[in-house]
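Engineer: There's a structure below that I have some questions on.
Any read-out appearing in this document is the output of simple, stated calculations on the displayed coordinates, not a laboratory observation. Treat the numbers as computed from the prediction; the structure is a model and nothing was measured. Backbone-built Cβ (ideal geometry, glycine too); neighbour counts: all protein chains shown.
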């Protein structure tokens, strides 16, 4: 049964396997091929390879497939480290060498800039990379009690369908959790509430690992005792979440803090386990340093930091600039950013809580009526079109844009270049999520 799910998803067309030559990769990391003139997107293929594949779906303009056998492997193909790679959907590129992964991501970025944004960077910035294993510090693990197995599963979903993959370990999660999946499975299996726990949120700081247990029913005293004993013995910070994010309750230890540091700036950022923070801390430190260098911040500069979050960029910027104004849509995050500035002895920042996707009220924001020398923005996948259309009026001579989606970066780059008269001085990729097709990038614009 597991072999069937590996190669065919429910409803897949009953067609014999076919052969194809992989020509390129899509934005989501699938191979592109053509069979009898029709485009086929093939999971698991690398450009240059000849593969035998099974059809997963057929549509009027394209088909979808899954590699069954590699007939002519590319030089970039490697043996996946994870024993669960063929089943688990958490990462889909372990069959590609790391140095080739970042090369393909760079191609995706440049193609998006050219085709969507109609812009070409004057310089291609060298890729930023860090260790490709055990890097993931933020994750949401699914939990499911499987009566037929007599135990709980904890981990990520399978590549096809809605089943949880049966995992014993994870090579990309931080080792404190990635090597403890079987221990977590045993813990959940021994609880009275094992059928009422749908997920565990993971947050790893420089100092500790926190787990947030989502539970749909109240826990018994016996379950609470087991969880306390587990957290104390294993050194985890443990939280309970009976309802929404506001219901978060610390179970162990009585007082706890999570933080990560920017050693070069002498900054410590405290955060809560459900806060957004960058999943790959070694890469994040390199990214922040590169952003500061590209922005060329001087002691007289007034800087605007949009989508500032907890102050990941704001606080290091404040060490170099005359002043930094941070804007973030989540009021609780803004409060923690203010507290972080105070805790780090930084007095030249101010903050505004505003949803930067709300275009209707943007022009009334007091910070947008000010002038700034430099701007940094780090939006979500949807990009920053609403505010980018107004950045020209700030008078900023230099803008650094950190992006987690090359398509929306390209769209916004077109506005900055072709409407506001900026030049795309440079753009490059950063491997925030090794072994996945996720493309993190950075671009710098100047007058």
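Engineer: So how much slack lies between residue 332 and residue 133, counting 0.36 nm per residue of separation and subtracting their Cα-Cα distance, in nm?
Structural biologist: So the extension gain works out to 68.4 nm.
Engineer: Can I ask one more? Does region 193-295 come out rounded, prolate or oblate by the C-alpha gyration tensor, with a ≥ b ≥ c the root eigenvalues, rounded set by a/c under 1.5 and, if not, prolate when a/b is larger than b/c and oblate if not?
Structural biologist: It comes out prolate by the Cα gyration axes.
Engineer: Pairs of alpha-carbon atoms within less than 8 angstrom and 6+ residues apart define the contacts here; what relative contact order does the chain have, in percent?
Structural biologist: The normalised contact order for the chain reaches 14 percent.
Engineer: Semi-axes, largest first, in whole Å: what does sqrt of 5 times each Cα gyration tensor eigenvalue give for region 132-212?
Structural biologist: Taking √(5λ) for each eigenvalue gives 21, 15, 10 Å, largest first.
Engineer: Suppose R0 equals 25 Å. What FRET efficiency, 1/(1 + (r/R0)^6) with r the Cβ-Cβ distance, do residue 364 and residue 140 give to the nearest 0.05?
Structural biologist: After rounding to 0.05, the efficiency reads 0.10.
Engineer: Can you say what percent of the DSSP beta bridges in region 12-68, counting only those with both residues inside, are antiparallel? Round to 5.
Structural biologist: Within region 12-68, antiparallel bridges account for around 75 percent of the total.
Engineer: Moving on to the next point. To the nearest 0.05, how large is the calculated FRET efficiency for residue 261 and residue 50 if R₀ is 56 Å and r is the Cβ-Cβ distance?
Structural biologist: With a Förster radius of 56 Å, E is 0.70.
Engineer: Based only on the alpha carbon positions, what is the Kirkwood hydrodynamic radius of region 285-355, in angstrom?
Structural biologist: Mean inverse Cα-Cα distance, inverted, gives 11.9 Å.
Engineer: With a ≥ b ≥ c taken as the square roots of the eigenvalues of the C-alpha gyration tensor of the chain, please select rounded if a/c is under 1.5 and otherwise prolate if a/b is larger than b/c or oblate if it is not?
Structural biologist: Oblate shape, in that a/c is at least 1.5 and b/c is the bigger or equal ratio.
Engineer: Let me ask something else. Grab the alpha carbons of region 2-77, take their convex hull, and tell me the volume per residue in Å³.
Structural biologist: 96 Å³
Engineer: I need 57, 371 ordered by Cβ neighbour count within 10 Å, fewest first.
Structural biologist: With the fewest neighbours first, 57, 371 line up as 371, 57.
Engineer: Quote the FRET efficiency, to the nearest 0.05, computed for residue 111 versus residue 78 with a Förster distance R0 of 22 Å and r equal to the Cβ-Cβ distance.
Structural biologist: The calculated FRET efficiency here is 0.35.
Engineer: Return the Rg/Rh value of region 302-401, two decimal places, where both radii are evaluated on C-alpha atoms and Rh is the Kirkwood radius.
Structural biologist: Taking Rh as the inverse mean 1/r over Cα pairs, Rg/Rh reads 0.93.
Engineer: Still on this structure, I have one more. Would you mind ranking 259, 351 so that the residue whose beta carbon has the fewest other beta carbons within 10 Å leads the list?
Structural biologist: Fewest-to-most Cβ neighbours within 10 Å comes out as 259, 351.
Engineer: Right, another one. Give me the percent of DSSP beta bridges within the chain that run antiparallel, rounded to the nearest 5.
Structural biologist: In the chain, DSSP labels about 65 percent of beta bridges as antiparallel.
Engineer: Now for a separate question. For the chain, set up a GNM with springs between Cα atoms under 10 Å and report which of 111, 328, 99 has the largest fluctuation.
Structural biologist: Comparing 111, 328, 99 in the GNM, the peak value goes to 99.
Engineer: For the pair residue 286/residue 229, report the inter-label distance in nm, with labels modelled 7 Å from Cα in the Cβ direction.
Structural biologist: Result for the modelled spin labels: 4.4 nm.
Engineer: Okay, moving on. Can you tell me how much longer the chain between residue 103 and residue 371 gets when fully stretched, taken as 0.36 nm per residue apart minus their C-alpha distance, in nm with one decimal?
Structural biologist: 92.7 nm
Engineer: Find how much the distance from residue 342 to residue 23 grows on full extension, using 0.36 nm per residue of separation minus their present alpha carbon separation; answer in nm with one decimal.
Structural biologist: Answer, rounded to one decimal: 109.5 nm.
Engineer: Spin-label point model (7 Å from Cα, Cβ direction): what's the residue 322 to residue 199 distance in nm?
Structural biologist: Inter-label distance under the simple model: 4.5 nm.
Engineer: By counting other Cβ atoms within 10 Å of each Cβ, how are 435, 34 ranked from fewest to most?
Structural biologist: Exposure proxy ranking, most exposed first: 34, 435.
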